[in-house]
Amino acid sequence: MTSDANRAVGIIGGTGLTTLSGLDITETRSVETSWGPPSSELIEGCLDGQPVVFLSRHGNPHNIPPHEVNYKANLKALYDAGVRTVIGVNAVGGIHPDMSPACVVIPDQIIDYTWGRASTFFEGELDAVTHIDFTWPYDSAAREILLQTAQDRNVAHAGFGVYGATQGPRLETAAEIRRMERDGCDLVGMTGMPEAALAAELGMRYVCLGLVVNWAAGKSDHIITMDEIEAAIEQGMSGVKQILEASMADLGALTALAQSS
Ligand code: HPA
């Protein structure tokens, strides 16, 4: 448990962010939750003076595919560690013309195309049927902090976008991407849901920090290759890390504010 109970900011690292350099580590813990073990150990420490709990969504090493991630255990483990604000870092494909590879995206909406994932805490033996509000899936105050930081640090970014969450692990067909575009999706990824909804069910602030690692299927003149994805991660991850580090104090203050009100 971090020393500042309920003030830690949680970071869920995705593809390209299995570990967080710059994190001044105080403790590494293997934990269990009522939903099983999370994807990785919890790495607790300080980033720019702010208590942080880091979790690697795909495990460390990176070997859990998006549809097999135990999202419930991941969110519950962070919650139990005192986290009340979560940044989900996600590798995504760009659909919107402004979302080219290596660009950072801070989306504002989600369309969920995933299926068969354990996607709610509100099932089984319940006292009452519960429906959470999910009109605005990403926390607006946390989004503002990330946007302002990206601007201040001159990190190339798009401060809008509808995240289309697909099942994977295969990438989409060109026709699927055309349909998603007609639906209003600007970016596509495999891990944005049910993570955002589960955070909301636990009453946590949640925000997505996306890194575009390829043009979505059919949006360029070539097929998607791992080489292209790795090159975009190499080019763009420093921007993601800059935003994470420089936004920590403000995100921590936001979390503390919520605790005291
Ligand atoms: N589609 C789905 N998920 C992704 C993509 C994509 O093109 N790129 C990175 N994650």
**Item:** trypsin sites (Lys or Arg not before Pro) within the range 154-227: DSSP coil, no more than 12 neighbouring Cβ in 10 Å
**Value:** 170
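Give the whole-number value, in cubic angstrom per residue, of the convex hull volume spanned by the C-alpha atoms of the range 30-82. Intermediate results must be reported in sequence, preceding the final value.
On the way: hull volume 4.0 nm³, N = 53.
Roughly 75 Å³ of hull volume per residue.
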**Item:** Accessible area per residue, Å², the range 70-224 with all protein chains present, probe 1.4 Å
**Value:** 42
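Can you sort 18, 28 by solvent-accessible area, 1.4 Å probe, largest first? Intermediate results must be reported in sequence, preceding the final value.
Values: 18 35, 28 70 Å².
The residues order as 28, 18, largest area first.
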**Asked** Using heavy-atom solvent-accessible surface (probe 1.4 Å) with all chains present, what is the largest-first order of 228, 27?
**Response** 27, 228
**Mean shadow area of the range 105-212 over all directions, Cα convex hull, nm²** = 7.8
**Item:** Convex hull of Cα atoms in the chain, direction-averaged projection (nm²)
**Value:** 13.5
**Request:** Could you tell me which trypsin sites (Lys or Arg not before Pro) in the range 61-155 are loop residues by DSSP with no more than 15 other beta carbons within 10 angstrom of their beta carbon?
**Result:** 153
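About the Cα centre of the chain, what is the dipole size in debye to 20, counting +1 per Lys and Arg Cβ and -1 per Asp and Glu Cβ, all else neutral?
Numbers: 16 positive and 33 negative charges, 27 e Å.
Charge dipole of the chain: 120 debye, to the nearest 20.
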**Request:** Provide, in order from the shortest bin, the percent of all Cα-Cα pairs of the range 44-191 in each 5 Å bin, continuing until the bin that contains the maximum pair distance.
**Result:** 2, 8, 14, 18, 22, 18, 12, 5, 2, 0
**Message:** With every protein chain left in place and a probe of 1.4 Å, what is the accessible surface of residue 160, to the nearest 10 Å²?
**Reply:** 70
**Message:** Loop-only GluC sites (Glu not before Pro) in the range 97-150, please: DSSP not H, G, I, E or B, and at most 11 other Cβ atoms within 10 Å.
**Reply:** 123, 125
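The values are calculated or read from the model by the stated rules, or taken from the named source; none is laboratory data. Remember, predicted model here, so these are calculated numbers, not experimental data. Don't worry about glycine lacking a Cβ; one is built from the backbone with ideal geometry, like all the others, and counts go over all protein chains shown. Note: accessible area is taken over every heavy atom of the protein model, side chains too, but ligands, DNA and RNA are not part of it. Shrake-Rupley method; radii C 1.70, N 1.55, O 1.52, S 1.80 Å.
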